[in-house]
Each structure stands twice: as C-alpha cells, then as structure tokens.
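*Asks:* Supplied in structure tokens, the structure appears directly below.
The values are calculated or read from the model by the stated rules, or taken from the named source; none is laboratory data. Worth saying up front: this structure is predicted, and the values here are computed from it rather than measured. Note that each Cβ is placed from the backbone with ideal geometry, even for glycine, and that neighbours are counted across all protein chains shown.
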Amino acid sequence: MFEYRNGELYAEGVRVADIAEDVGTPVYVYSKAHFESQFSRFDSAFSREHVISFAIKANSNLAVIGVFAKLGAGADIVSRGELFKALKAGVDPSKIVFSGVAKRDDEIEYALVNDIMMINVESEDELNAVDRVAKRLNKKARIALRVNPDVDPKTHPYISTGLKKNKFGVPYDEAYDLYLKAKELKNIDVYGVQFHIGSQLLDTTPIYDASKRIADLMRRLMDKGLEFRVVDVGGGVGIVYDEKTEKEPDVNLYAKQIEEAFEGFDIKLVLEPGRFLVGNGGILISRVIYHKTNGQKSFLIVDAGMNDLLRPSLYNAYHKIAPLKESSLGVIKCDIVGPICETGDFFARDYQIDDVPNGECIAVFSAGAYGFTMASNYNSRPRPAEVLVEGDRYRIVREREMLEDLIKGEYL
Ligand code: LLP
C-alpha cells in the first residue's frame, strides 16, 4: 500500500509528501487497506473456530485498534492502560486476553470487572493473586496458564520469550502441578492454555513444536479431569523488513500446523498477532535537517530520533529507508541519525541511499509495529503525529504533542 508512482511515494491514493507538508514531521503514516488485508489473510488461513486478539502493544492508536475491532478482532493486552484503550476503541471484552509477567491487584480487578475472556497467569504467586481478587469481587476468574514450552524461537534474544532462561510463563515441567492446584481454587475457572515463544519469527516451526508440547501437556491434564475451552498460541509471526535477505513466513502453513497439533481437542483457538497485522502498514516520515561529514564518515541528520522510533537503537533492527521523492543526486553512503544526544541515536549505519537535499523528506519503512508505541519524550521532544490513510483521504488520528504536553502534570 506504500509505492512509488512517477518517482514519488504514495500511501494508498495519497502523496506522502502532502501529508508531511500538511501535518509536519516527524509523522507516522498508516495504511488502513494494509491493516485490513493483513487481517483478512491471517483470518482466512484458519479453518477452525478462532479469535484474533490483536496484540495492541504493537500499535495502540485508538483508530488502529478500532479498525481491527470493526473487523471482529479482540485484543491481547498487557496493562490496565491497554485494557482502557481497547475498551475505548470498541473491542468486545469477551475477546480480550490479558497477558503479562506480573499483574497488580488493581489490574486484575479492572479485568474482572470488565469480564474479559481470560487472564493469562504467569506464576503461582499471580494465580493466588487472581484467586484472592476474584474472591473479594465474588467472581470466578477465567484463566489460562502461560506455559513456557522451552522451545527456541531463533529470533533476537531481546524478543525471545519461550526459553527456560526467560522470565516468561510457568516452566513446562511445573505447569502440570500448577494446573492441578488451579483446579482446586474456588474462584478460579481453568479456561485455557496459553504460550508465546517470541516475536518476529520468520520460521514458524518452533510454534508448531511448542504446540505439540502443549497438546501433550493438555492430554495429561485432561486425564485428570481438567477441561480446556481455549488454546491461545500467542503471536510472533514475523514480517519482511529487508526484502534482500528475508522471506515472509507462510501463514497458511502456520495455521495448518497449529490446527494439526490441536486436532481432536474441543477448543477454540486464540491468536495474538501484533507485528504481522500492522508492521508493514506504517512508515515514519522525517525531514533531513543537515548533511555532515566527519573525516571518513557522512551523516544524514534527520528530525526524527530514537525517541520516535527506538527499534534500530535497541535491537540494531534493520528498517528500509528511502527518499519520498526519487532523486537524481546519486547514491551516498552514510549513517542516518537523529538529533538526540546519544551515539545510539541512529536509524541506519553505512547505509546506501539516493542523496536527499536538506529540507526534503525520507520514509523509514516497516514502522507500523512497535514504532509509536515505544516512542518517548526523551530530550523533551514532543511525540510525533499519527495519520491514517484510507483510499485518497487521510486524517490525523493522534495530534503531534505540543510543548505544553511536555509539562502536563508537572509542578515547579
Ligand atoms: N502475545 C504476547 C504474550 C506477547 O508478549 C507479544 C509480544 C505478542 C503477543 C505479539 O507479538 P508479535 O505478533 O507482534 O510478534 N518491541 C519488540 C517486540 C516485542 C514483542 C513483545 N511481545 C520489537 O520492536 O521488535
């Protein structure tokens, strides 16, 4: 949905340079059509009953959550704030699952009061907390244990979660006993099983392996009288950031493998995709402020920084970058950096790009997931605006922050 026509970048039917001119930079630009088509590709890959609970940590703009809610999606949330946003965006509470390593009592209460589908519990302490809060509210809490299947997802260590050494979930070998314990708790309704082994998986075989391990655990527990109504297989399906080196995972194969692993179980599947739905549906537009050369190295200094898009700095992640207007100035090799006072403030290093004159814009691609949601006000920089494109129209779905926003709630 982002393509060059007559040498200029378009988002669906809109010339991206017009958005930059009108709304200013930096600005995130999203394509609604991309979101819809990714959702439909994912959805139609499954043939058995399922719910797609969009992991809103990937992109929690109200309008974006709203696009998926309209398509029938639920939400995977990890905090009280995300539950608040999901409800505001119109997500059906019965399709909301609550993930996260440690939920506070007030968060558990908020989830129970809103009657969400289930809470994914990650430890014995947390199970006791959910039971205690549910008892106080005179409710029975639907839960799944997040089981850590100890399967290597073969992705970046910071976004691997399914190994024994990670802090996530209940260790596979302990899950059996904890389920038996959960069954005896008065205010707990053992509703499902959940696992999530990592993010940006280009090969989904580890999810298949984990599914088989989980199915085996379920069989043993069913022999003990446990009844499961859902299996939540988490998210993690990757996207292509670099066309030269990466290949998109086959979602049909992914769905087939999961369905095969849970064949014969009378359960509903829950899926928690984040990045797959939104990653390539967003770009970050930034204006070149200066060119600079220090001895051997050249820098293209742009008006977005690591506070606006953290992924390159934090994970050394690759994002394709290109000028909004194809130029005939020739290719330069440079570091593309922001104005922030950190050496780690870069979007790309030793990158070959068609030179862009000062004052013109670049697009950082694949920025729809974990872009704005990881943005901060570091260096007292107002966070960028967000724009949603729909056909040949666009609208601001989050205003650029103002200077006044930087002191909101502060006292001298
Ligand atoms: N479910 C759970 C329990 C998760 O922890 C995550 C992501 C997801 C679903 C969604 O995963 P996805 O489908 O988006 O891969 N900030 C990092 C990614 C962190 C992912 C954290 N958990 C990045 O920018 O790459």
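*Asks:* With S99, S94, S53, S60 as the choices, which residue is closer than 30 Å to F262 by Cβ and out of contact with any strand residue (DSSP E or B) (no Cβ under 8 Å at 6 or more places or on another chain)?
*Replies:* Testing whether each residue is closer than 30 Å to F262 by Cβ and out of contact with any strand residue (DSSP E or B) (no Cβ under 8 Å at 6 or more places or on another chain) leaves just S60.
*Asks:* Would a scan of the stretch 241-248 turn up a residue that is in contact with a Phe, Trp or Tyr (Cβ under 7 Å, 6 or more places away or on another chain) and part of a helix (DSSP H, G or I)?
*Replies:* No, there is no match, as no residue in the stretch 241-248 is in contact with a Phe, Trp or Tyr (Cβ under 7 Å, 6 or more places away or on another chain) and part of a helix (DSSP H, G or I).
*Asks:* So is I353 in contact (Cβ under 8 Å) with a residue 24 or more places away in the chain, assigned to a strand (DSSP E or B) and buried (at least 17 other Cβ atoms within 10 Å of the Cβ) or not?
*Replies:* Yes; evaluated as a whole, the condition is true for this residue.
*Asks:* Keeping to the stretch 358-378, report how many residues are part of a loop (DSSP other than H, G, I, E, B) and in contact with a Pro (Cβ under 9 Å, 6 or more places away or on another chain).
*Replies:* Number satisfying all stated conditions: 2.
*Asks:* Within the stretch 194-240, track down each residue that is in a helix (DSSP H, G or I) and hydroxyl-bearing (S, T, Y).
*Replies:* T205, Y208, S211
*Asks:* It is to be established whether one or more residues within the stretch 275-286 are hydroxyl-bearing (S, T, Y), outside the structural domain of F346 (by TED's automatic domain parsing) and not in a loop (DSSP other than H, G, I, E, B).
*Replies:* No.
*Asks:* Something else about it: Restricting to the stretch 294-309, name every residue that is in a strand (DSSP E or B) and either over 23 Å from T25 (Cα atoms) or basic (K, R) (or both).
*Replies:* Within the stretch 294-309, N294, K297 meet the criteria.
*Asks:* If I ask for residues that are within 14 Å of G281 (Cα to Cα), without any contact (Cβ under 8 Å) to a residue 12 or more places away in the chain and among the acidic types (D, E), which ones from the stretch 1-45 would you list?
*Replies:* Within the stretch 1-45, E3 is the sole residue that qualifies.
Conditions tested, residue by residue: (1) in the same structural domain as A75 (by TED's automatic domain parsing); (2) farther than 19 Å from L269 by Cβ; (3) of a type in the set (A, V, I, L, M).
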{"position": "E21", "(1), (2), (3)": "no, yes, no"}
{"position": "F39", "(1), (2), (3)": "yes, no, no"}
{"position": "F46", "(1), (2), (3)": "yes, no, no"}
{"position": "E49", "(1), (2), (3)": "yes, no, no"}
{"position": "A55", "(1), (2), (3)": "yes, no, yes"}
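*Asks:* While we're looking at this one, here's another question. Read through the list (1) within 16 Å of the ligand (Cβ to nearest atom); (2) part of a loop (DSSP other than H, G, I, E, B), then give the number of the only condition that P312 fails.
*Replies:* All conditions are met except number (2).
*Asks:* For the condition within 14 Å of the ligand (Cβ to nearest atom), part of a loop (DSSP other than H, G, I, E, B) and more than 19 Å from the chain's Cα centre (by Cα), what is the one hit in L163, L145?
*Replies:* Result of the check over L163, L145: L163.
*Asks:* Answer with yes or no whether I332 is surrounded by fewer than 16 Cβ atoms within 10 Å (Cβ to Cβ), of a type in the set (A, V, I, L, M) and in a strand (DSSP E or B).
*Replies:* Judged against the criteria, I332 is a match.
*Asks:* Looking at D152 and the list (1) within 27 Å of D266 (Cα to Cα); (2) touching a helix residue (DSSP H, G or I) at 6+ places or on another chain (Cβ under 9 Å); (3) among the acidic types (D, E), which single condition is not satisfied?
*Replies:* Exception for D152: condition (1).
*Asks:* Scan G192, G238 and give me the residue that is within 16 Å of the ligand (Cβ to nearest atom), under 25 Å from the mean Cα position of the chain (by Cα), surrounded by 15 or more Cβ atoms within 10 Å (Cβ to Cβ) and under 24 Å from V121 (Cα atoms).
*Replies:* Checking each option against the conditions leaves just G192.
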